[in-house]
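Chemist: Let me begin by handing over the structure; questions about it come next.
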Amino acid sequence: MIKELTCICCPMGCALRAEVDDSGNVISVSGNTCIRGENYAKSELTAPVRTVTTTAIASGGKPVPVKTKDPIPKEKIFDVVSAVKSANIELPVAMGDVLVADAAGTGVDIVATRTVR
Ligand code: SF4
């Protein structure tokens with residue numbers, strides 16, 4: 001079976017075609033301009049991951065931009081965002097501070113992407 005997808009690793013957005021066998025194994029990838037596209041297609045078709053960026057609200061109502069320190073499984077995105085929304089965050093926060101450890105049991109921390117006082 002042929003699967004078509006767009007590489008999201010850089011703004012070029014190469015159109016990828018991946019040949020997948022009946023067991024879900026990626027046999028070949030074409031249309032990529034660099035190796036990142038091949039790696040992206042293999043990951044996306046077997047175990048898709050995403051880096052999540054969102055905004056937490058600190059006590060007092062100030063917004064704090066945050067992101068996952070590493071990519072998380074795609075199916076955990078809503079659980080991770082929910083963990084961010086329910087976190088109790090006290091200011092000040094420095095860029096890089098861990099605001100939620102092991103978000104939603106992913107083993108990945110949520111960190112601040114900006115200093116907020
Ligand atoms: S395959 Fe390479 S050049 Fe093409 S979008 Fe992906 S990262 Fe960019």
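Chemist: For region 12-20, check the following and say yes or no: at least one residue is surrounded by fewer than 18 Cβ atoms within 10 Å (Cβ to Cβ) and at pLDDT below 95.
Modeler: No - not one qualifying residue is present in region 12-20.
Chemist: What pairs come up if the first residue lies in region 39-65 and is basic (Lys, Arg), the second is loosely packed, with under 15 Cβ neighbours inside 10 Å and part of a helix (DSSP H, G or I), and their beta carbons are under 8 Å apart, counting only those six or more places apart or on different chains?
Modeler: Arg50/Lys74
Chemist: Continuing with this model, one more query. Considering only residues that are surrounded by fewer than 16 Cβ atoms within 10 Å (Cβ to Cβ) and either of a type in the set (A, V, I, L, M) or without any contact (Cβ under 8 Å) to a residue 12 or more places away in the chain (or both), which ones fall in region 1-11?
Modeler: Met1, Ile2, Thr6, Ile8, Pro11
Chemist: From the set of residues in region 35-52 that are more than 12 Å from the ligand (Cβ to nearest atom) and loosely packed, with under 12 Cβ neighbours inside 10 Å, which is nearest to the chain's Cα centre (by Cα)?
Modeler: Top of the filtered list is Thr51.
Chemist: When the residues of region 1-16 are filtered to those that are outside any strand (DSSP E or B) and of a type in the set (A, V, I, L, M, F, W, C), which remaining residue is farthest from the ligand (Cβ to nearest atom)?
Modeler: Met1
Chemist: Report, ordered by the first and then the second residue, all pairs with beta carbons closer than 8 Å, sequence separation of six or more or different chains, a first member in region 17-34 that is within 16 Å of the ligand (Cβ to nearest atom), and a second member that is of a type in the set (Asp, Glu) and modelled with pLDDT of 95 or more.
Modeler: So the pair list comes out as Arg17/Glu4; Ala18/Glu4; Val26/Glu19; Ser28/Glu19; Val29/Glu19; Val29/Glu38; Asn32/Glu38.
The values are calculated or read from the model by the stated rules, or taken from the named source; none is laboratory data. Predicted model, so just to flag it, every value in this text is computed and none were measured. Backbone-built Cβ (ideal geometry, glycine too); neighbour counts: all protein chains shown.
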